[in-house]
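Chemist: This is the structure I want to talk about, given as structure tokens.
Please treat every number below as a calculation from the coordinates, not as lab data. Computed from a prediction, not measured in an experiment: that's the story for all the values here.
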Amino acid sequence: DGWATIESGSYQLTLRKPCQRCKITTVDQQTGTIPTQAEPLKTLLALNTQPHLKGAHFGQNATLTAGEGGVIRVGEVVSVTPR
């Protein structure tokens, strides 16, 4: 939550905002119902890594701000820049 960018080689991702999760993640794909446990939103709300925001958040929306068409592979060095 405190990162501004992620870089590897000539590629850079700029983190824009927390990714809000919607209720569709709780729907049972076989029955179309929402179980009473309402997971994973219940757990995401309990973790509450973004207390100033309303709702459950997990992950970050990002844009590619340098590089093009690349792949970050397992074992590559990745660095982050704090906000």
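Chemist: Using each residue's phi in the range 73-81, evaluate 6.51 cos²θ - 1.76 cosθ + 1.60 at θ = phi - 60° and report the 3J(HN,Hα) Karplus result to the nearest Hz, with x for Gly and Pro.
Modeler: With the stated coefficients, the range 73-81 comes to 9, 4, x, 6, 6, 10, 10, 10, 10 Hz.
Chemist: Divide by every residue of the chain the summed helix terms, -39500 (n - 2.57) for each DSSP H run of at least 4, and state the resulting mean residue ellipticity at 222 nm, rounded to the nearest 500 deg cm²/dmol. Please report the intermediate quantities before stating the final value.
Modeler: Working: 1 runs with 7 residues, N = 83.
So the helix-based figure for the chain works out to -2000 deg cm²/dmol.
Chemist: Which value does Rg/Rh take for the range 3-82 over its C-alpha atoms, Rh per Kirkwood?
Modeler: The Rg/Rh ratio comes out at 1.10.
Chemist: Let me ask something additional. Skipping prolines and chain starts, which residues have an amide H placed within reach, meaning under 5 Å, of the one on residue 3, given they are 5 or more residues away or on another chain?
Modeler: 83
Chemist: On alpha carbon coordinates alone, what is the Rg over Rh value for the range 37-83, Rh being the Kirkwood radius?
Modeler: When Rh is taken as the Kirkwood radius, the ratio is 1.11.
Chemist: Taking 0.36 nm per residue of sequence separation and subtracting the Cα-Cα distance, how much length would be gained by fully extending the chain between residue 4 and residue 23, in nm to one decimal?
Modeler: Going from the current span to full extension adds 4.1 nm.
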